[in-house]
Each structure stands twice: as C-alpha cells, then as structure tokens.
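The values are calculated or read from the model by the stated rules, or taken from the named source; none is laboratory data. Keep in mind that this is a model prediction, so the values were computed, not measured. Positions of Cβ are backbone-derived with ideal geometry, glycine not excepted, and every protein chain shown enters the neighbour counts.
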C-alpha cells in the first residue's frame, strides 16, 4: 500500500500542466484544431517543466526519495489505517447514543415559531432542553449552549438523521456543513476527537488516552513545515498508534467488521516491514562502526605494528645465526668427543701394557723368592725399575749422571765397590724419592726393598746373591 501511494505521488508530481494556454484566442475554432493546439501546448509545458527540473538544485523526485519524507508518509498511512480501523465502531457508537436519546425523550416536532426564534435570536426550543442537557453531560469538557448551537443543527436531533448532528458536538469546529452522515465523511481529527470527548465511547476503548495521543500525532504530522520526520520521531509515533491496535477491548469490538480487520492486517504488515528494515539498518550501522573503529586502531598503531614487525625480523635473523652457531658447536663437540675417545683408547692400551709389565714383575719376584734371579730376569727388573723411577721429561738425568750410575752399578756387580755408607741422609733421600713416585710405584719400590733385605739376611746366613742385590740397590738409588 505504501509503495502504491508513493508511486502515485511521484507520477502526479511529474505531470505538470499549464492550463489555459491558447484557449482564449482559438475558442471559436472546431474541436479537432483545439485538440491539436492543446496537445502542442501540453508538450511545450512538459519540456518547460523538464528544463526547470534539470536546472533546480533539488528536483521533485529527489524530494520524494528522501528518507525524512518517506518517514512522514508512513506515519500518515498509519493514521489512515487507524481511522479505517475505528470507523465502524464509531458508526455503531453514534447510532446507539441517538437511539438512547430517542427512547428517553421521543421524536417531537418543533413548531415553526420556535424554529424561527432559534434562527433569529438563538433561543433553543423548550422541547430540546433535555436533549441538550444529556449531550452536555456526555461531553468530557464543559461546553456552552451557544457553542453547541453553532457547531450543530439542533433541530435535526429528534429526526432519523440526527445521530451525526449530535456527534458533531464532540468534534472540532468546522464540521457543521459540507459533511455527510457517515464516518467516511470525517477525517482523523474529527473521529478521534469524538472518541476522546464522548464519555459514552469509554466502554469501547480500554485506555481513552490513546485517542488523545493519536490526535497529537495527527496534529504534528499535518502541521509539519516540510512534511518530514526523523527516524526517531517515526518510531515514537508508530508506538503510539500501535497502542490503538493492541487495545484488547477494541479488538473484541472490531472483530465483526471486515474493514477493521483489513486495516489491522495492513498496519501489521507495514510495522513488520519497518522492524526488518530497522534491524538491517542497525546491523549495517554496527558493521560500519566496527570497521571504522578497526581502521582507526590500525592507523593509530601503525608505527607500533611496524616496530613490532622489525623486531620480529631481527629475532628471526638472530635465531638463524644462533642456529648456525649451534650447528658449528655441535660439530666441534663431536670432534672433541672423538679426540677424547681416541686418547682414552690410547690410555687404555698404555694401562694394559703396564698391567702386563706388572704381571711380569710379580712373576720375577715370585721366582726370586725361590732362587736367585737369572740373567734374563735381571734385564727385566732393571727395565721395570728404570721406568718406575723415571721422572718427567724435564727431569730426565743428564748423560754424565747416567754414565756415573752405570759405572757404579758395574763396580758393585764386579765386587770392586766399597760397602754402602750408612749415613743419616740416606733415609731422607729415600723418602723424597718415594714421595715423588705414584702410589703404585711406591708399593713396587717397597716390595723391591723388602726383597733386598731378605737377600741381605740370606747373605749373613751364608747364602749368595749379594752382588746382584747391591746392583739393585744402586739402581733404586738412581
């Protein structure tokens, strides 16, 4: 319905005619020539209006397409649906009130003299005094008899057409003449004025203030300077009009009228369409605000984002460098571990060889306890003792000391050497040499010394082997 009326308004505003052009000078010609002239005049007028529309800053189509005018038009349509909704109920209420008055006071004819006196001096006929009192008692506000006579023709009240003459008392001024005797002859202001001012209508409406609020909406719509409403005003006015359609008592009264049912359905469709439009607009507005906020945040934090990006790049670069260094360190660790394993293998081989030599030495010692050491065992003992008593490479004996030691050992073996002197420094020197040796070497040396003592004891008892013991003692001293 709303789109239909909007299209009609657009079409009506596009069709602008300038009547009367060329009519006066060609009024005596035939009809065919007059039609041609009138057609040419209409074409020229249309081109003139089109030029004016093109030159105007705001054309008529643009005005009809503005959101504010569409809001105003929707409110006006809602008022029309409200009038159509309550019109059958008002017809029923007006007729019922008139029937009650006829039943109470009857339909008496007014004499001509009283009618003439009413028209000349405004004096009400005595037979209508009860009618006037009853009507004034049903009026919500106080009204004088003179105003009542000006608003309506009281002489028609007792007649069959007197129902709407009585209803005019409750309407605004200006409805005495030029209107019919049905609800369709009155506009929204007249109908809702009757609903609010007539106390008899309270039994049809649960909240009588709804009619007063709709009157205010109608006045705001008709007195709008540019016929425009904002979205907020439209929502407020639709809420007021919706109260009329949601009144439970009025719904029960309007169910029997087809016109009221149709108006209610049309209003609900328009209200649902507006609700969907509002939801879509709200969603679009929310998304737009969210995008604007995101763009503001991005623009405000752009420098910070750039710095974070640079920091991320630096961290990535450092991580790559650290990864390379870690690979290099892993390779170095593998090489170092390989070297350590090689050295451990070499040391294991040395330890194994030392164990073999110790085993040989112990075997020789066991043999020496049973019989004097043989010539082959002498070489082994001498080699082992030299290795055990050898110091570091920096402390190796000089060639002269080696020769001296060799000569002394030969003199001892040949029996040409003198007896060993027993002085106090001998024990001190032996202790120092023991301290220079490892624990294993020291144990071996003590074992050697014990064997030498045993050989000395045997010599005193008449045994042999003294020369070899003296040689071993000299070797130990070296």
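Filtered by the rule that a residue be without any contact (Cβ under 8 Å) to a residue 40 or more places away in the chain and either surrounded by 14 or more Cβ atoms within 10 Å (Cβ to Cβ) or assigned to a helix (DSSP H, G or I) (or both), region 236-265 gives 236, 239, 240, 242, 243, 251, 252, 258, 261, 265.
Going by the structure shown, is residue 345 more than 18 Å from residue 447 (Cα to Cα), at pLDDT 65 or above and outside the structural domain of residue 447 (by TED's automatic domain parsing)? So residue 345 fits the description; yes. Residue selection: residue 200 fails the criterion of being assigned to a helix (DSSP H, G or I) and without any contact (Cβ under 8 Å) to a residue 60 or more places away in the chain. Among the residues of region 204-214, none is identified as surrounded by fewer than 22 Cβ atoms within 10 Å (Cβ to Cβ), in a helix (DSSP H, G or I) and in contact (Cβ under 8 Å) with a residue 40 or more places away in the chain.
The requirement of being surrounded by 15 or more Cβ atoms within 10 Å (Cβ to Cβ) and modelled with pLDDT of 65 or more is fulfilled somewhere in region 49-69, by at least one residue.
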